[in-house]
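The values are calculated or read from the model by the stated rules, or taken from the named source; none is laboratory data. Since we're looking at a predicted model, the values are computed, not measured. When we count neighbours, we look across all protein chains shown, and the Cβ atoms used for this are built from the backbone with ideal geometry, even at glycine.
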C-alpha cells in the first residue's frame, strides 16, 4: 500500500537552451563576423587614402579630423555648446567627406574632413599630405 501513495514522475524536464537555437545564433555570428572583416579589408585595400599612406586608424587622428570638421560646420564658438546641443546641431548637418587642398609647390598639401560637396576628391600618392594652407 505504501507504494501506491507515492507520486513519482516518469518523465522529467531539464531547463536549458535548444541546440538548434545555439546553432542558428552561432552561424549568424560567423556570417556577421566574416562580413565585417570583408568590409574592413575593402576599406583598407581600395581606399584612396590608404593607398596614399594615410591609414584609417587611431583615436587621436580621428579626433583631430572630426574636430576640424566640427569647427568648420559650427564655427569657432563650438566650445560653448553642451554635449546635447552639439549632438543636435551635428545631426542636422549633412554628412562629411575627405577633401584635399593640393599645394601650389611640392611642399605638401592638407587632408581633412568637410561637409563641402563641390569638386572631385583626388589624392596624389607622390605628394606629402598633412600641412595646412597657411603653414
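Please determine, by comparing only the residues of region 22-56 that are free of Cβ contacts under 8 Å to residues at least 12 places away in the same chain and either under 19 Å from residue 100 (Cβ atoms) or touching a helix residue (DSSP H, G or I) at 6+ places or on another chain (Cβ under 7 Å) (or both), which one is surrounded by the fewest Cβ atoms within 10 Å (Cβ to Cβ). Let's see the steps before the verdict.
Going residue by residue through region 22-56, those that are free of Cβ contacts under 8 Å to residues at least 12 places away in the same chain are 22-42, 45-47, 50, 55.
Remaining after also requiring either under 19 Å from residue 100 (Cβ atoms) or touching a helix residue (DSSP H, G or I) at 6+ places or on another chain (Cβ under 7 Å) (or both): 46-47, 50, 55.
Numbers: 46: 9, 47: 15, 50: 14, 55: 11.
Once the filter is applied, the top-ranked residue is 46.
Residues of region 82-103 being assigned to a loop (DSSP other than H, G, I, E, B) and modelled with pLDDT under 85, which ones?
First, pick out the residues of region 82-103 that are assigned to a loop (DSSP other than H, G, I, E, B): 82, 93-96, 102-103.
Scanning region 82-103 gives 93, 94, 95, 96, 102, 103.
Scan (1) within 16 Å of residue 113 (Cβ to Cβ); (2) more than 20 Å from the chain's Cα centre (by Cα) for the single condition residue 27 breaks and write down its number.
With respect to (1) within 16 Å of residue 113 (Cβ to Cβ); (2) more than 20 Å from the chain's Cα centre (by Cα), residue 27 is out only on (1).
Name every residue in region 20-70 that is touching a strand residue (DSSP E or B) at 6+ places or on another chain (Cβ under 7 Å) and either at pLDDT 80 or above or part of a helix (DSSP H, G or I) (or both), in order of residue number.
Answer for region 20-70, where residues must be touching a strand residue (DSSP E or B) at 6+ places or on another chain (Cβ under 7 Å) and either at pLDDT 80 or above or part of a helix (DSSP H, G or I) (or both): 49, 65, 66, 68, 69.
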